Structure formats: C-alpha cells, structure tokens
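The values are calculated or read from the model by the stated rules, or taken from the named source; none is laboratory data. Predicted, not measured: the structure shown is a model, and the values here were computed from it. Every residue, glycine among them, receives a Cβ derived from its backbone with ideal geometry; neighbour counts consider all protein chains shown. SASA here: full protein model, heavy atoms, side chains in, ligands and nucleic acids out. Shrake-Rupley method; radii C 1.70, N 1.55, O 1.52, S 1.80 Å.
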Amino acid sequence: MEEMNPFKTNVISTAPVPKSWLDFLLHPNSLEQHLCQDNPDPSAIQLLKQFLGKAHSMERMLSMKQDMIIMDEQIMEAGGANYGRKKMRALKMLALKTASALKWNLKLLMDELSLSMSNQLLSDLLAEAGLLSSREIVEWSDLADQAVFALHIYHRWVVQAVVRDSFPQRPPKFNSVQMPGQFETANHTANNEVLMNTLKSDVEISLGILETGLSLIKSLQMPALESFTALREEDDDDVSHSWEKGITICQEELIAQISYDLGCFYFFKEDYKKSSEMFVTTSKMLHKIDTPKYCIIDKKTLEGYLLATGTVCDEPGTTKQELSLLEKVNLAREKNDHEELVRLLSDNCEKSELWYVYTSELERGFPHRSSMQFKIMCCNVIHKVLAGKLVSSSFPTHLEHQGVDGSTYLLILISNIADRCRQDQKALLVNFMKYILTFLNRTSKAYQRILSAEITKKLLSQSELESLLAHDGPLTDKTPSAKVTIENSVLEIGELERRLLVSLDQFEILDCVNKLVQVRPGRSLASINCKWEVGGMLQQGLDAMFSGMCKDLTFILLAKAKLAVAGKSYYEAKRLLSAAEAESGDVSFIFVQLIRWEILLVDLILFDNADIPTATRELGKKVKTCMTAYMQGQDAMPRTEVIEHCAAFLLNVKDWDYLRSLPNANNGCLKLACIMANVCKDLPNTNSRNLARDVWNAVMGVFSVSSQQKRTSSGMVSNIHRDSFQMLLPRSEFIEFTCKIKVDIVLSVLISCLTKIYNILKDDSLKEVFLDYMYLWPSTIVSPCSVDVYVVEEALGKILAHSLRIHPSHTPWLRSKADVCYSNGHYGAALKYYVEAGMVCSNFFTKPVPKTIYTDQVYRRMMKCCSYLKCHTQEALLCQFLDEIEYKTAFKALQEKNSYDAVDAYYAYIWDPTILEFLINLHVKRFEIDRKNQAIKALGQLELNANNDPVVLQMAAQKRKGDFLRALAMQYVTSGMEKP
C-alpha cells in the first residue's frame, strides 16, 4: 500500500485562456498588441474568421423582421437595431485591422477564407474607402489612395477567384448540427455558387479596371493596422480614419502585382500573347524593386510562365532568361527542325552540356544509316573525342557507307572546332584523325576525301602522313577468314570448356568431353563449374560405380539437367536425363532407376504446367510404381521432392481410392494427401464430418506452436515459441505443397478449414469470412493462444491467390477473398472481389445475382467499402439493394459533399422514388441546378410510376440493378484500378 505524503499537494495547472472576438470588441486597442506577438493565440486568420462570422450573423439578425429583433433583451436595453448596427460595424473594423496586419496578403486570404467571407471583407474595405460602386471604370488618378487600393485589390480578387474556380478543390466539411458558439460558416459556402456566377459575369469589368491601373504614375498608401479607427460604443456612425498612417508602396510594386494577376488570367484563357506581355511587364517591374512590401510573386513561377508563353508565341526573346541548350534541342525536336537540331548538337561538342545517354537516344530516333543519323553520330563522336572518351569501333564502317557527303560533313565539323578548342583537345583531334585514316579502307571515297582535305594537312604533319601511308592498315584488301583457328592449346581448352558450360545439347556435350579428356587425361571435369552438383543417392552411385570419362560425362549430364530444371528448361532437362540413363544403362540398375525417378519428376512438372494435360494414364502408372518403391523401402528410393509431386498428382487426378489404400507413410505431404482423399471421397455427405476431424488436426498441427519458458543469465524468464512436435509438416512445406494442387474440391476443403480457424481466432462477427463446408469443422479451438492469427491469415491469402489463379471464376473463393480484404481494411480490393463474385455468377449481371452470393451482409459490406472510399453516391444506391431500404444511411450518404464518384451520373440507376425526391429537394437547397435536373429526369421515367403493375416496377428495378453493377464492374474490375 502506498504511503501518504503529507507534504504532497495537488497542483492544478492554470493555462491561459485564449482570447475571443468579444475581448477585442470590448477592448479594441488590445488587438494591435495581441497581433504583434510572435505566435498569437488565436492567430490573425482565426480572429479574422471570428470577426467576419459574427458580423455576418449580426447582419442576418438586422435583416429580419422587427418582432424577431425585440426578442433579444440585450439589444432592446442598448437601443434596439441601432446598437446592433454599431456592433456589426465595430466587428467589421476589427476584421479590416486584422487584414491590415496581414499586409493584405490576397493569396493567404483566399486560401483561408471562403468565397463569401472574402467578398464581405473586401466589400467592407470599399465602403470604408468611400466607394459606392466597384463596377464603374474610373481614372485612378482622380481617386484617393485608399480608394485606389481598395478598388484594385477587390478586382484582383475577382480575377483570381475566377481562375481558381476552374481547378477542382476540396470544399470544407461542416457539422450537420450547429454547435453552441459555432459561427454559421456553412452559410457562406451555401451561396458560393451564386456568388461565383456573378463574379464570372463581372470579370470583364474587373479586367478593364485593372488594365486602367497599369498607367498609374504615383506611389500609393496601403492601409495599415493604425489606419483604421476602432468604433466604440459612445462614437457616432461617422468615423474618420487615419489613412495617412498607411504603408507607402511604389508604383512599380503595384503595377508588377496587377500585371502578374492579369497575365495569369490571360494564360488561363489561353490568350498567350497578352499573357506574355503582362509577364514581361511584371519581370521589368520586379527588377526595379529592392524590398517588396506588398507584392507577392514567386520568381520561379514567373520564369516558368515566361518560358511557356515565349515557347507558344514563338518569341524566345520575351524571356529574360535565355533558353538552355537542352531546352533548345527539345524545341527543335518538337518543330521537327532537323537542321537546327544538328547545329545545336555541333555546339554541344564544345559546351558539353548534354549527356551522352541523351544524345545517343537522339541518334537512335532517326532511320538507320540515314544522312541525318550520321550527322548526329558525327556530333556525338566529336563530343566524345574532345572529352577524352572512347569512340565506337564501328564508326569507320558508317563513314565508308556515307561516302563523300559523310566525310565532307565530318571535315567541316572538325574544321569549325579545331580553331577554338584547347591544345589538349587539339591533340585528341589529331589522334582521332590518325585513327580514321588507319582504319578506313584506302580504296574508299571517304578515305581519299579525308586524306586530301586542308584540315587533315593542318592537323597532321607531312611526316605523320607519310608514316600513315607507309603503314599497311588492318582494313586493306586482305579478307579475314570466316573462322578463327585456335592454335594455342590453352585457348583450345578454354574454348572447349566454354562450349561445355553453355551447351544443353547432349551430342555437343559428349564431343566436348571426349576432346577435353584427350587434351587433359586424368583430370576431373567436375571442377569446371562450381555450381555443378548432383547430391543425394545419385552422387553416391557415381562415386561407387563410375570412373574415368563415363563418370565425368554422366555427372555433367545430371548436373546440367538439374540446372535446366532450376531454369525451367524442362524439355532440355528431360533430354539430358535420358542421355544420362542411356550412358549408364549397363552399369547399375539401381542408378538407372534413380535417374528414371528424376525423369518422372520432370514429367510431373510438365504435367502441372500444361494447359491441357495429356497421357494421364501412362503417367499415373509411373507415379504408382514410384509410390510402391517408396512404401516398400526399395534400394532405389525416390527423393522427397519426387514423392511430394506424386502425391499432388494423385490428388489432381482425383485418384481417391489409391490414396486411401496407402498405409501410413513418413512423408508429411503424402500423409496429408491421404487425409484429404478420405474427406473428398465422401463429400458432400454429412458423414464426412468425422473424417474431416483428421484434416482439422493436421492443419492445426501445422500452425500451432508450443511455448516454453527459459531463465536467462540475468534471472529473467522469457518465453520461447517452438513449432509443435505433433505437426504433420512445416508451414512453408504445407503452403508449397498446397500450391501444387489444382483440383477445386481439395482446395475448397483446405480454404474452408483455414477460414474457420481464422474466424475463430479473429472472433469478430462483423468481419467473418465466408466459407464452404461449414458443417465439417468444430466451432472452437482448444488452445487458441498457441495459434498465431497473422500466420493463418498469411497462409490463407497465399492459398486463395493460388486457387484464383487456377480457377479465377470460382465464386465462393472470390467472396472469401473479398471478406479477407474487408477484414484487413483493404476496401478497394474488397469491393473489386465482391463485384467480381457477382459478375461471374450472373453472366456480367445480365441475370440476377443469386441470394446465396449477394446477401444483405454482402450489400452492407459493399456499402461500407464505398463509404471508406468516399464514393457516397454508390453507397446510397446500394441501400436500394437491401430487402428493406435503409433511407437513413442513403440520405446521410447523399448529403456528403466530398464524393469521389460520378455523383449525378448515377441518378439514372435509382429506382426508389423517395431517394429521388430527397435528391431534388437537396439540390434545390444547394442551388445545384444541373444535378436537380438530372434527378427530375430520373424521377420522370414512366416505368417508375407508382401506379404501375408490380411486375413492371420489378423489371425496372432489375434493369437498373444490372446497369449499376456493370458500372461498378467497369470501374473496379475491368479497369484494373485495384490489384489483388
């Protein structure tokens, strides 16, 4: 028991309470002190939202009838509506002072405030500046500074708002229930669509006013926080502001900001010439500004706009920043100006701005051996020469093919560069000319042209030319032999070993072995490749019974066959094994039998990989012979891998009787196959429940672990988990063996067993996985702590994936896969498999989906998937599929504004009139005219008339069900958006 500490006291932390809008309304002078703090709480933006929200609420109250106003006793005591108007204007003054503290950062205001809030703020600024209308085009020189500033920032906001509306933006989400103290911010967004339509109709007026302002020739006073006079309770309505306390901004800064906004608008309207002019003006003005006080322009973005408009308008001079060589090359490629492209690449020889990989790709973009490709090749070669890189040995051959024209271009290119390059680069050009003259055919025209050129005589001295002429180059009239004769014995041995390493032909292998034995008698050939190994009883048989060349040949054939199997070259492996069998036929029957088991293994693998298996009867006889040899323990004992493939083969051909007749074996895969055969033989009889108990125990043994305790050196006790001693086979071997099975009934039983174990361990009725043969399995696990649910889930996922690769249209497996994905939160994949399960059993939804596949539970899970994917319209439509339509869920889903689906395009699939009537009412309230018309059109279909015969209504519903499910299939299945 903890002792009481008499000196211990409970200290209650008293954190400062953040201020609210009411504190600043009562003490307006404290606003400036609050905003001057480093991190004010609340921030300026938060206060701005509070002031504007409360002012909007007061304005709504004042617009109501007088009998609604007198209900507020506080308003009545303070003077009624006059007090309310004064309070509203005081809040607007505080909002203007807060926006001034943000230096009228329009980008920040538009990012944080809704459209209607921004409109309210800037309209209040216009009113305080003395402007009655913002739609009249006037001369700015006739207006006061505050009026000019208010007018230009309002119309800047109009232009930017129109541009922003063209891009998809996620609207803010509000609670459906208004909480106490929460401002009616949602009302601002409700009118955004109407307000935006008004702004779009007035945008031409805003453009005219802003273009008028480009001729401004004076500095301007930007309203600051001190410029606005806070309204007190005792003040009159007429308040004079101190506009002279504003911040002075130069005319270049104002013109730069206006030009930039106009350029962005014209760029959005694809009027690139006007846009280019505005951006050039912006760039010129920015160079005159040292420290901007008001202008907020990202120079990188401006450079991008200049580059884009200059490219489109074909006016590179409009950009202050000269295009890079890479940009010029890309521009020439877009215009298909090949001559300009070659000129730029010749410039790159000295500048070395382009990568070798890029220039080589340009070379490959032209037809082979064309003149244009050769010119680009020459540029790339000279570029490498000047950089000291190696040149391709095939270049002289290309030069000969081009003849006089090609050599002339190369000489011109070298002449232009030789006068301007450094001395070390000139030495490299000299070596390149020597290389060309050495390896060119002296009878070719290219050789004669280069030899007689002035640049050649300028780079090479007379003595160097005489030396080259006296030297008999390698490319003379001598014709090299087609086959190289290897005279050196070391090279001959190396060539034979190389052929032996790469060959899979038994006759060539025999020839190489014969020659190597003759050249190097008494030396083993097994050491040529360290990866050659046989292992097991085959290696023992080789060591005991073979010697000399026969041993080497047989070993190499067996080792290369093993590598061929690993490389999935099964037919080559079978030929090599057959050759090894023929080679050792007279030596040992046991050894030959071991080779035959390996041939059988290859035959079984080929049988598994074949689309249409053949020769099943003959292969079955060989498999049973192999099983007999294994069960009797003969000397020629087949390997474990061969036995596992034989057991899988017997399951795949459904030879239940033979498997049931086998006695107990030590091989775990064979024992599992026998147990599965016992169950599958009696299915679907209910008597198979007792036999299924063996399958249950076997699978539980695979996934159970035993826990032991061990005391460490520090005295701590730790748990050690070991695999169960009663397991039939390890988990990895169990999954590997299961993936060899292809027959559906065996896979269904194993999937059903694992699914039942998974459901029991998960113990969540809302996320249970569907399974066949539920009656076969127990309902509880004796020791659930000994089984790891994640290990079972991983195995179930792998076996389901294998099963669906074999039988992709097996409906129960598709539904089980969907349930597994749903339980793990993979809602996109789950919806894909749910739709696919219904699709394959209804002929792509041309027939009704059986109730056994699409139950109410499946529909609810599909609805939940759509909800998590934010496809709320799809969720609402799925509510119609339930036996009893859930209107509450449907209405809630339809009220969501962030829906990532086709929304009104799905209205044609709704057959329930109540949902359609709700949609019409909803869109009317939101002023969504187009969507309202879509809902009315859907409701007006004659087949949805409530007075129709029930058969007609049922047919209309069934048609819309199929159309909607096909639309889901096109999105989630056939489009490949979700992968398993």
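Structure notes:
- The slack in the chain from ASP930 to THR846, taken as 0.36 nm per residue of separation less the alpha-carbon distance, amounts to 27.1 nm.
- Proximal charge balance of VAL903 [Cβ under 11 Å; K/R count +1, D/E count -1]: -3
- Applying both filters, DSSP loop and at most 13 other Cβ atoms within 10 Å, to the chymotrypsin sites (Phe, Trp or Tyr not before Pro) of region 353-455 gives TRP355.
- Checking the Cα-Cα distances for LYS200/LYS832; LYS92/LYS200; LYS375/LYS426 against a 30 Å cut-off, the pairs over it are LYS200/LYS832.
- Spacing of the two label points (7 Å from each Cα toward its C-beta) at LYS888 and LYS274, in nm: 5.6
- Local electrostatic count, ARG420, Cβ distance below 13 Å [Lys/Arg +1, Asp/Glu -1]: 0
- Linear extension gain, LYS621 paired with LYS458, 0.36 nm per residue minus alpha-carbon span: 50.1 nm
- Local electrostatic count at ARG520 - Lys and Arg +1, Asp and Glu -1, tallied over other residues with Cβ under 12 Å: -1
- Taking LYS817, LYS426 and ordering them by how much accessible surface each has at a 1.4 Å probe, largest first, produces LYS426, LYS817.
- Amide hydrogen proximity for ILE247: with H placed 1.01 Å from N in the peptide plane, the residues at 5 or more positions away or on another chain lying under 5 Å are MET222, ALA224.
- 3J(HN,Hα) couplings calculated from phi for region 937-954 with the Karplus curve 6.51 cos²θ - 1.76 cosθ + 1.60 (θ = phi - 60°) are, in sequence order, 5, 5, 6, x, 5, 5, 6, 8, 5, 5, 7, 5, 5, x, 5, 5, 5, 5 Hz; Gly and Pro show x.
- Site pair ASP949 and LYS288 shows an inter-label distance of 8.4 nm when each label is modelled 7 Å from Cα along Cα→Cβ.
- Scanning residues 5 or more positions from TYR773 or on other chains, none has an amide H under 5 Å from its amide H, with H placed 1.01 Å from N in the peptide plane.
- Each residue of region 892-899 was assigned a 3J(HN,Hα) from its phi angle through the Karplus curve 6.51 cos²θ - 1.76 cosθ + 1.60 (θ = phi - 60°); the sequence is 5, 5, 5, 6, 5, 8, 9, 10 Hz, with glycine and proline shown as x.
- The distance between label points at ARG343 and LEU108 comes to 5.0 nm (points 7 Å beyond Cα on the Cα→Cβ vector).
- Placed amide H near CYS871: partners under 5 Å, 5+ positions off or other chain: TYR900
- Computed FRET value (nearest 0.05) for GLU350 with VAL404, which takes r as the C-beta separation and R₀ as 22 Å: 0.25
- Sites ASP635 and LYS762, calculated FRET efficiency, Cβ-Cβ separation with R0 45 Å, nearest 0.05: 0.35
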